[in-house]
Each structure stands twice: as C-alpha cells, then as structure tokens.
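Worksheet for the structure shown next.
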Amino acid sequence: MLRRAVAVELEVSKELNKLLCSVEEVYKRIVREVVEYAVKNNVTSANKLHGLFYSKYRQEYPNLNSQLIIQAIRQASQIAKSFMERRRMGLMSKPYPEVRSVSIRFVETTWNYEEFVGSIAPVRIAISPISTGRGVSGRFEVWLRPHKRFWLFWWRVLNGEAELASTLLIKRRANKWYAIFIFKLKPREEEPESIIAFDINENTVAVGRIDIKTTVSKVVDWNRQYTTPQLYTIKTDFGRLARRYERIRSTIIERLKPEFALPNGNYVNITNTREFRKRVRKLRERVRKVGRVRQVANELTKTPAIIITEELGDNPQESMIEDVMKDELRHRIKQIPFKNIEEAVEDKALERGSKLFHVSSYRNSKVCPIHFTKLKMADDWHILKCPLGHYVDRDYASVMNMNWKLTPEAWTKGVWWNMKREMNWREYEEKSNPIIPHGIVTLLQHIMENAKASLEKSPAVLARGKPMNPTGEANEGWARAPPRPLGRGGGQKEY
Ligand SMILES: [Zn+2]
C-alpha cells in the first residue's frame, strides 16, 4: 500500500496556538527523554518503554491527553530503533539521535476521524490534546485551509481509490500549524504498455524501452528492423554535480581558514564549524539531487510498464568502489543516489500501475546479448568486444541482458547466473516468473529472439559511435563510465 502525506494549514487562534505550543513542548520532551534512555540502555521495544515510562509521565503531566503520552513513547521507540539500525550499518557517528522537531500524533480516538471521513467535503477537524479530568477531554475545533492537492486525494477517497489513515499528525513549521493527513492509495492495475529496463550510471541512466503495442504488430509483420529495444539515456549528472560541489566545498574551507587559524599556525577542523555547515546548507545540494531523482522516476513511469532493473545490494556504492583506488572517485560514486532512484521509481511505478522487477546484476554488462559469449574490453571504455568479432555498447548489453533474464532463455543459457552462488532454481522461479503475466514473458522472448536474429545480421548497430574512438571524454576514469549524454532530460536514439 502506498502512502502519501498531505499537509494542510490550520487556522489557529492565539489561545489554541499557545496551548499547542505547550503540548508540543511536553510531547517533545517525552520523546527526547525516552529516546535517550532507549539508546543508552539498548531497550527499544515499544511495550517495554511504555511499561517503564507511561505512569511516570501520566503523573508528571496529568493534563495531557493520555493517548498523546502513549504516542510519544511509541514515536521514541521508532526513532531509537531506526537510529540503532543506521548506527549498526555504520551510517551514524553521533551517540544519540537529535530530536529537533516532532509531529504530535493524534490517534483515531483523539480527533474526529469518524466524522471527518464520513464527510463529503471536510473543512475542519476537532482535536483533543488535553484532558480536563474525569475522562472529559478538552476538544478544539480548527478550520482547515485545504488546497488543490488535498482535494485531489479526497476525491480519490470518495472514489474508493484511497483511504484516509486514522492517525493525524499535527506539526508546527515556521510558526504555522499544519494537519498532516496520511492517504493510503490502492495501487492501480493497468495493462502494461511497455517493457523498460534501466541501469544507473555515474552521470546517466541508460534505458531500454520496448513499446508493447507497436512491437506486437511489428512482430506479426515480421518487421525485424523495428523489434529491437530502443536505447536512450537520461542525463542526471550526479557525478558532475558531486564534483562541482566538492570544489565549492573546498573553496569555502579555504576562505574560512584564516578565521579559524590557531596561534600555532594550525587550523581547527573547519568542516565541524557552524559557519561551514551554514554555508554548505545554502548550496541546496540535496534539493537539487532530489529533483533529479524525481525527474528520472517520472520519465521511467510515464506509462504503465513492466520495469526491469538490477538487484542492488544494501550498499551498492561499496561493492562498486571495491577496486577503485582514487579518493575523489570513491567520493563521487558514493554521491550517486542509486537507492533513492530505485525507491522513487518503485513508488511512482506502484502509483501509476507499473510493476518493478529485479534481476540479478550478475554479468549484465559482460555477456554479448546476441551470442551469449563473454565480452572483452576494447579500446574505448564503454564499448566491448564480442569474441565473434563485433562490438557492443556496454549500456546496450546491460539493458538487453536484463530483458533476457526475464525470459525462459535465461534458464537454458547459464551465462547470466553466477553458478557458485546463485543457481537456486526454485528461488528464481518463485521470484520472477509467476508474477509476470505469461503473455508478456512470451512476447519478451519473441522480441529478444527477433532482436537477436536481426542483430546477428548486422551486429554493428550494437555499438554506438565509432568503436575505435580514443577514449577521450567518455571515459571518466571509473569502472562504469557512462556513455556520452544525448541531451538534457534524455534524448532518444533508435536502433
Ligand atoms: Zn556477440
């Protein structure tokens, strides 16, 4: 089930603002204290923490709605759990998580959920943040300032395409209060229109696209020329972006150095200073990166499709930099948001009726997609040579082989499986085959055989550009250097 959070501003009176501020203060204090205890004592179970803290806070804050205490403790348990998980993976160096801001959770019984979901056009909520004793709760009505996005989701609720979660979040931001509604969307079921395989590189995402409808008719007409997958690239420039920001960061360090010089001529570690962090924040590097990730996800999910991509490990960067020695290069690879792209695509795919399939990354760019032989390095870095005498573009091999892996061909030809580790038939059968409609598998097999047959005649089209090109700009010194970008936002090139 997909979740979408929609924040709607609240029209809060002065008195209610005061009240909410004090409730927030107390709520945050509970979360902080419980998180600290949980991390220090390695106790993260929500039940245990509840047993340890509930009555203490109930006595300390008798006016707070007891449900909020329960929720604050739960929230603390979740924060502590995810912090410890990240620390285990080596992503955290701080001893405790910082709880800077919290959103106050109102469960079903502490706001007018029933009434709200029963309404055709809800414009206000009623919340009970405090209790005035003897089980009577202080109930406050607040008007919403709903916007277009909220109405769009509400329309889906009315249509039965979405559900409103019963928990409401109230959050303060820049001195305004917001109600955050969580909508649970039902994934759409759509007929796939295309089969898309994609591969993430340093500065591009390589995409192989097969348009099902037109391809079916071409297959029927036996028009081989048009039945090979299209290959194009989406320019992301994550590597270039990382390098640029790296330069800017070192300039900032150089400029700040005189300010932090110690009498003995040394400098304090400038990256730890507030000044440095402030300036880096202004660069908005993350925001730009997120924007590009979304752009890729949008492009790949425009139409309902079967989307095929490589299985990424928990830490794809690490496995990729194993044999890369240069520091600068390692840094750049770490900056490529593999996981973020994958997650964004998966999320959008569900929303738009596409399905995502993972295939093993084993040998995707090392096997000739026509002859199933092992490719050798050529002079140009992203062009490989088949022992049968023709050249293959690395990206093309990669997306073609991903396609092959969904067909029965993968079972008969062992080349795509790592025999030592991955030859677990049952696992693969369960993992991939039954979920893909049989018709699609058959079609894909047809298309791939067609492509193979037509390419056997003229394998030159597999290699883009001149294979003997001196490496030049295409080789950026990294084991997975990308092809030349075909223009911003993804130019198209047909094969
Ligand atoms: Zn070949």
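Can you tell me which residues in segment 28-52 are assigned to a helix (DSSP H, G or I) and over 22 Å from THR167 (Cα atoms)?
Matches in segment 28-52: GLU33, GLU36, TYR37, ALA38, VAL39, LYS40, ASN41, LYS48, GLY51, LEU52.
Here is a yes/no grid of residues against (1) open to solvent by less than 20 Å² (accessible area, probe 1.4 Å); (2) at pLDDT below 85:
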{"site": "ARG124", "(1), (2)": "no, no"}
{"site": "VAL136", "(1), (2)": "no, yes"}
{"site": "ARG149", "(1), (2)": "no, no"}
{"site": "ALA162", "(1), (2)": "yes, no"}
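Out of all the residues in segment 1-27, which are over 21 Å from ILE182 (Cα atoms) and assigned to a helix (DSSP H, G or I)?
Of everything in segment 1-27, those that are over 21 Å from ILE182 (Cα atoms) and assigned to a helix (DSSP H, G or I) turn out to be LYS14, GLU15, LEU16, ASN17, LYS18, LEU19, CYS21, SER22, VAL23, GLU25, VAL26.
Hey, does segment 266-286 have a residue that's closer than 25 Å to ASN340 by Cα and among the aliphatic types (A, V, I, L, M)?
Yes, segment 266-286 has at least one match.
Using the structure shown, decide if LEU144 is surrounded by 17 or more Cβ atoms within 10 Å (Cβ to Cβ), under 25 Å from the mean Cα position of the chain (by Cα) and either within 30 Å of PHE338 (Cα to Cα) or touching a residue at least 24 places away in the same chain (Cβ under 8 Å) (or both). Break it down into steps so the answer makes sense when it comes.
Working: surrounded by 17 or more Cβ atoms within 10 Å (Cβ to Cβ): yes; under 25 Å from the mean Cα position of the chain (by Cα): no; either within 30 Å of PHE338 (Cα to Cα) or touching a residue at least 24 places away in the same chain (Cβ under 8 Å) (or both): yes.
No, not satisfied.
Somewhere in segment 253-270, is a residue under 30 Å from ALA206 (Cβ atoms) and open to solvent by 60 Å² or more (accessible area, probe 1.4 Å)?
There is no residue in segment 253-270 that is under 30 Å from ALA206 (Cβ atoms) and open to solvent by 60 Å² or more (accessible area, probe 1.4 Å).
Exactly one of these conditions fails for SER101: (1) of a type in the set (S, T, N, Q); (2) under 18 Å from LEU168 (Cα atoms); (3) in a helix (DSSP H, G or I). Give me its number.
Exception for SER101: condition (3).
Considering each residue of segment 334-375, count those that are outside any loop (DSSP other than H, G, I, E, B), farther than 22 Å from ALA453 by Cα and not aromatic (Phe, Trp, Tyr), and give that number.
Here the count works out to 18.
Taking only segment 364-403 into account, find how many residues are within 25 Å of ASP211 (Cα to Cα) and either within 10 Å of the ligand (Cβ to nearest atom) or free of Cβ contacts under 8 Å to residues at least 24 places away in the same chain (or both).
Going residue by residue through segment 364-403, those that are within 25 Å of ASP211 (Cα to Cα) are 364-365, 367-372, 392-403.
Imposing the further condition that a residue be either within 10 Å of the ligand (Cβ to nearest atom) or free of Cβ contacts under 8 Å to residues at least 24 places away in the same chain (or both) reduces the set to 367-372, 392, 397.
The qualifying residues number 8.
Only residues that are out of contact with any Pro (no Cβ under 6 Å at 6 or more places or on another chain) and of a type in the set (Phe, Trp, Tyr): list them for segment 50-88, please.
Residues satisfying the conditions are PHE53, TYR54, TYR57, TYR61.
Assess whether THR407 counts as being among the polar types (S, T, N, Q), open to solvent by 30 Å² or more (accessible area, probe 1.4 Å) and either at pLDDT 75 or above or more than 19 Å from ILE200 (Cβ to Cβ) (or both). Don't jump to the end; show me each part of the working.
Values: among the polar types (S, T, N, Q): yes; open to solvent by 30 Å² or more (accessible area, probe 1.4 Å): no; either at pLDDT 75 or above or more than 19 Å from ILE200 (Cβ to Cβ) (or both): yes.
Here the answer is no, as THR407 does not meet what is asked.
Test PHE357 against the stated conditions and say whether it is at pLDDT 75 or above and within 16 Å of the ligand (Cβ to nearest atom). Break it down stepwise before answering.
On the way: at pLDDT 75 or above: yes; within 16 Å of the ligand (Cβ to nearest atom): no.
No; evaluated as a whole, the condition is false for this residue.
Return only the number of the condition from (1) open to solvent by less than 50 Å² (accessible area, probe 1.4 Å); (2) more than 16 Å from the ligand (Cβ to nearest atom); (3) closer than 25 Å to SER194 by Cβ that ILE333 does not satisfy.
(3)
Whether any residue in segment 389-400 is modelled with pLDDT of 85 or more, among the aromatic types (Phe, Trp, Tyr) and over 17 Å from ILE196 (Cβ atoms) is what I want to check.
Yes, some residue in segment 389-400 is modelled with pLDDT of 85 or more, among the aromatic types (Phe, Trp, Tyr) and over 17 Å from ILE196 (Cβ atoms).
Tally time: how many residues in segment 369-390 are open to solvent by less than 50 Å² (accessible area, probe 1.4 Å) and within 20 Å of ASN201 (Cβ to Cβ)?
8
The values are calculated or read from the model by the stated rules, or taken from the named source; none is laboratory data. Being a predicted model, the structure only gives us computed values, none of them experimental. Cβ sites come from the backbone with ideal geometry, for glycine too, and all protein chains shown count toward neighbours. With ligands, DNA and RNA removed, areas are computed over all heavy atoms of the protein, side chains included. Shrake-Rupley method; radii C 1.70, N 1.55, O 1.52, S 1.80 Å.
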